Amino acid sequence: MSGNNISPEIMDKLTKVCLCKAISRATIKKAVENGASTVEEVKKATGATTGGCGGKRCTPKIQQIIDEYKNK
């Protein structure tokens, strides 16, 4: 199956934003859609940034998702 045939929704479920805690982009997006507007609020809603790296890897990705949602 070609990567071009996979829907964005499925890719969101498969793509891990927080690698330490295996939290998907879909989970982060759902938290943002439900009102989380800061990385701290996403952390409280999902547990992202609480893994071994302390958010060093996922914080920029989470902020990008928040910014994209605000700019819709």
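The values are calculated or read from the model by the stated rules, or taken from the named source; none is laboratory data. Only a predicted model underlies this, so the values are computations on that prediction, with no experimental measurement involved. Cβ placement follows ideal geometry from the backbone for every residue including glycine, while neighbour counts extend to all protein chains displayed.
If only residues of segment 12-27 that are outside any helix (DSSP H, G or I) and out of contact with any Gly (no Cβ under 8 Å at 6 or more places or on another chain) are counted, the one that is surrounded by the fewest Cβ atoms within 10 Å (Cβ to Cβ) is Ala22. Quick check: is even one residue across segment 60-68 assigned to a loop (DSSP other than H, G, I, E, B) and either surrounded by fewer than 17 Cβ atoms within 10 Å (Cβ to Cβ) or at pLDDT 95 or above (or both)? No: zero hits.
Look at segment 53-72: where a residue is at positive phi and a partner is not hydrophobic (A, V, I, L, M, F, W, C), sitting 6+ places away or on another chain with Cβ atoms under 6 Å, you get Gly55/Thr49.
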